Amino acid sequence: MFGGSEQVFSFEIVNGDGALARVTWVFSAKNRTIARGEQSWDQNAGRVPVRLAVPPVRDGVIFPAELKLEVFGPGNDPVARYVKPLWIFPNDPFAGRTAWLAEQRIALFDPVGHTREVLVEAGVPLRESHRLAVLDEVREGLLLVGEGVSFREHRGLAESLLRRAAAGVAVLCLAPADGQWPVPGMEDAPDPAARPVSLIWKRAGTIRDLDKRIDADGWPPDGDFVVSGVRLVGIRGQVAADVHGDGDVWPWYEIRYPGRRAACVVCGFGIVAHWDAGPAPRFLLARIMEYLAE
């Protein structure tokens with residue numbers, strides 16, 4: 001949750017054999033109560049809304065909290081209890097990190113333009129590259145491909161990005177729209193440095209692997225956060241990663257080469273599309289950038 005926001009949680013309560021009388025909730029942080037409430041049980045409603053006024057937090061501070069719900073029958077002891085862990089985030093994932101961002105030397109290829117708009121507003125310094133030929137000149141830092149790029153339209157882009165990763169440049173491609181990615185390493189490469197040391201496909205669980213504080217169950221408003229992903233296909237005797245926007249896909253495709261920052265990540269989570277929906281997308285982007293820099 002963003003600090004300083006209003007949040008509504010809706011809990012479904014399934015009535016068992018016993019009669020239910022009331023529902024109580026406590027919103028707390030570090031054993032200190034922020035707010036509490038109680039309401040009688042409405043059997044016809046079936047769901048209980050809990051409205052929270054989330055306190056603000058300072059820039060750079062991510063604060064743990066919890067929401068505890070208890071359901072009571074006629075007696076004084078709860079017949080059911082549920083505790084939901086919460087994290088309160090500031091708005092800016094890059095607060096106080098201006099120098100670190102400059103050190104990343106981010107080169108952006110964003111023909112769609114939405115990623116540029118979001119990052120410029122967030123104060124992220126960028127070097128824009130508008131032509132594929134310029135990408136092969138990137139020798140260091142982070143090469144970022146904006147959300148929604150078409151690899152079918154920009155032929156040769158995937159191969160160019162893999163060449164940069166093999167040369168030691170960290171590459172991050174955000175939720176491509178369509179096209180194909182090569183699966184390198186399926187045949188002998190004349191240069192050992194051009195052979196990947198690992199190929200990794202992951203689903204939404206990779207979000208929790210990166211940061212356990214970031215929601216990996218769904219993002220507002222619709223609870224869906226996978227914009228695109230890849231499926232492995234065979235084409236003319238070769239293996240490729242086909243980009244799809246629906247169905248059963250791998251939203252995380254990572255190619256690692258020898259070298260500390262020599263990696264290419266294709267991330268199909270809708271970071272830019274959901275940027276203003278909550279803290280998860282923007283703090284996930286910051287964490288992925290850290291991951292590629294480590």
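So here's what we get for this one:
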| item | result |
| --- | --- |
| Residues Asp246, Asp59, Asp110, sorted so that the one with the fewest Cβ neighbours within 10 Å comes first | Asp246, Asp59, Asp110 |
| Theoretical ellipticity at 222 nm over the chain - DSSP helices of four or more residues, -39500 (n - 2.57) apiece, nearest 500 | -4500 deg cm²/dmol |
| Residue order, fewest to most beta carbons within 10 Å, for Cys264, Cys173 | Cys173, Cys264 |
| Computed over region 6-105, the ratio Rg/Rh where both radii use C-alpha atoms and Rh is Kirkwood | 1.17 |
| Taking region 6-88 and dividing mean pair separation by its residue count, relative contact order in percent (alpha carbons under 8 Å, at least six apart) | 34 percent |
| Theoretical FRET efficiency, 1/(1+(r/R0)^6), r = Cβ-Cβ of Arg261 and Asp222, R0 30 Å, to 0.05 | 0.30 |
| log10 of Debye I(q)/I(0), alpha-carbon scatterers only, for the chain at 0.13 Å⁻¹ | -0.91 |
| Relative contact order [Cα under 8 Å, 6+ residues apart], region 178-289, whole percent | 31 percent |
| Sites Asp209 and Arg139, calculated FRET efficiency, Cβ-Cβ separation with R0 35 Å, nearest 0.05 | 0.75 |
| Rg in Å to one decimal, and Dmax rounded to a whole Å, for region 139-294 via C-alpha atoms | 15.1, 49 |
| Proxy reagent accessibility, fewest Cβ within 10 Å first, across Thr24, Thr33 | Thr33, Thr24 |
| Virtual spin-label span in nm between Asp276 and Phe9, 7 Å along Cα→Cβ | 2.7 nm |
| Label-point separation in nm, Asp92 to Ala122, each point 7 Å along Cα→Cβ | 1.4 nm |
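Rule-based calculations on the coordinates, nothing more; no lab input. These numbers come from a predicted model, not from an experiment. Using ideal geometry, Cβ is built from the backbone for each residue, glycine included, and neighbour counts are taken over all protein chains shown.
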